[in-house]
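To keep things clear, I will list the structure first and then write my remarks on it.
The values are calculated or read from the model by the stated rules, or taken from the named source; none is laboratory data. As the structure is a computational prediction, the values presented were derived from the model and not from experiment. In this analysis, Cβ positions are derived from the backbone assuming ideal geometry, glycine residues included, and neighbour counts consider all displayed protein chains. Please note that ligands, DNA and RNA were not included when accessible areas were found on the heavy atoms of the full protein model with its side chains. Shrake-Rupley method; radii C 1.70, N 1.55, O 1.52, S 1.80 Å.
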Amino acid sequence: MTGYWWSERIGSGYTHGYEIELLFEQRTRFQHMVIFENAQWGRGLILDGIVQVTQGDEFIYHEMMVHVPMLGRAHPAESVLIIGGADGGILREVQKYDAVRRIVQVELDEDVLTGCRKYLPEICGNWKDERLELVIGDGAQYVQDAAASNEKFDLIILDSTDPIGPAVVLFEPPFHKNLAEILSDTGVIVRQSGLPVTMPKVMPFIRKRFLDVLPCVKVYLAPMPTYGGEIAFVAASREQADDISRPSTQYSGRYYNPGIHSASFALPTWWQKLIDDFEDDGQVPIETKTYF
Ligand code: SAM
């Protein structure tokens, strides 16, 4: 492949690099978007200098975000809300469930949706699914309006960017309060919560924000090579919800299987220490570095 070397600054004084062929670049209203091709990982999406998805390992992330909360419940969710997720990978996995009757996806940036549809079609789910209502807008505003109109969802998946730029609002207390209001009694919320190895405050911060509004909060993990390590997921629910850490139905995906499901809730000792030692100063752990 002839391209140029691009590197993502994922930690302090640390990068990992990709030799990329640039397929598309755009500064949208909200963020800087790059779609690339790499010999190892295939095509991928970068937003504001951070790799969001690659063809090579997206299945790990998307399967773990969907099948753990879906199959950890005794009854599959019927209504699902996805916030972010422009690449369509979460949608694709949700669409595998016939029990799902309603899917609402709220994505802020129409340009990212368009770019992903054009360059990453094999990741995307079916955007023409009759169960899907695609809303172009801010997830925080949608959740606020849904709370005011007393809407409920059985599964809420937060597939947003890290706490920078337009996603910062999704880390504020009012958003979490509204999320809890729109969660059905047996519902589950799942959120990608960053890599503790490079952003150690994000997972404990998100866990605490959920504990402020819901009683049952669990953390699980999966390896994500292109993100640079193990990613944390935080899941929150009420007492009436099932314990999602054990699968209630057997299913195997490409990464996900019942053994992986249960094992993903075993946390490294240092992650538990991060949780135990976390001091909540109320500040969103925003990355202030310039990435590009
Ligand atoms: N897998 C991903 C990762 O690594 O962070 C997330 C992928 S997905 C592309 C993230 C999406 O969240 C982006 O398309 C971005 O436009 C969307 N997003 C950011 N802030 C948002 C907001 N306030 N409301 C709705 N969507 C938002």
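Measure off, as a whole percent, the carbon and sulfur share of the 1.4 Å-probe accessible area of the range 4-54, all protein chains present. Let's see the in-between values first.
Values: 1140 of 2520 Å².
After summing per-atom areas, the C and S share lands at 45 percent.
Note down the relative contact order for the chain as a percent, whole number, built from C-alpha pairs under 8 angstrom at least six residues apart.
Working: 591 pairs, mean separation 51.9, N = 292.
Reported relative contact order: 18 percent.
Counting only residues 5 or more places away or on other chains, whose amide H sits under 5 Å from the amide H of Met224 once H atoms are built in the peptide plane?
Gly229, Glu230, Ile231
Roughly speaking, to the nearest percent, how much of the range 58-285's 1.4 Å accessible area is carbon and sulfur? The partial results should precede the final answer.
Details: 4470 of 9040 Å².
After summing per-atom areas, the C and S share lands at 50 percent.
Simple spin-label model, 7 Å along Cα-to-Cβ: Arg238 to Glu19 in nm?
The modelled label-to-label distance comes out at 5.6 nm.
Multiply the residue separation of Arg29 and Tyr4 by 0.36 nm, subtract the distance between their alpha-carbon atoms, and state the gained length in nm to one decimal.
Details: separation 25, 0.36 × 25 = 9.00 nm, distance 2.63 nm.
Gain in length upon complete extension: 6.4 nm.
Over 10 Å intervals from 0, what percent of Cα-Cα pairs in the range 92-218 sits in each interval?
It works out to 11, 41, 36, 12, 0, in whole percents.
For Met199, what accessible area in Å² do you get when you roll a 1.4 Å probe over the heavy atoms of the protein chains, rounding to the nearest 10?
40 Å²
In the structure shown, do any of Lys118/Lys208; Lys152/Lys218; Lys128/Lys177; Lys128/Lys201; Lys128/Lys152; Lys96/Lys218 have a Cα-Cα gap over 30 Å, and if so which? Each step should come with its number before you reach the end.
Numbers: Lys118/Lys208 38 Å; Lys152/Lys218 21 Å; Lys128/Lys177 32 Å; Lys128/Lys201 38 Å; Lys128/Lys152 23 Å; Lys96/Lys218 24 Å.
Going by Cα-Cα distance, Lys118/Lys208; Lys128/Lys177; Lys128/Lys201 fall outside the 30 Å limit.
Pick from Leu134, Leu195, Leu81: which is most flexible by mean-square fluctuation in a GNM of the chain where alpha carbon atoms under 10 Å apart are linked?
Fluctuation is largest for Leu134.
If you place +1 on the Cβ of every Lys and Arg, -1 on the Cβ of every Asp and Glu, and leave all else neutral, what size is the dipole of the chain about its Cα centre, to the nearest 20 Debye?
Working: 26 positive and 41 negative charges, 68 e Å.
Here the chain has a charge dipole of around 320 debye.
Under a Cβ-Cβ cut-off of 10 Å, what is the net charge of the residues other than Gln95 that fall near it, where Lys and Arg count +1 and Asp and Glu count -1? List each step's numbers first, then the result.
Working: positive: Arg92, Lys96, Arg131; negative: Glu93, Asp98, Asp129.
Value of the local net charge: 0.
Among Ser252, Ser12, Ser264, which one shows the biggest mean-square fluctuation in a GNM of the chain, springs joining Cα atoms closer than 10 Å?
Ser12
Collect residues whose amide H, placed 1.01 Å from N in the peptide plane, falls under 5 Å from the amide H of Gln52; neighbours closer than 5 in sequence don't count.
Amide H to amide H, under 5 Å and 5 or more residues apart or across chains, Gln52 pairs with Leu45, Ile46, Leu47.
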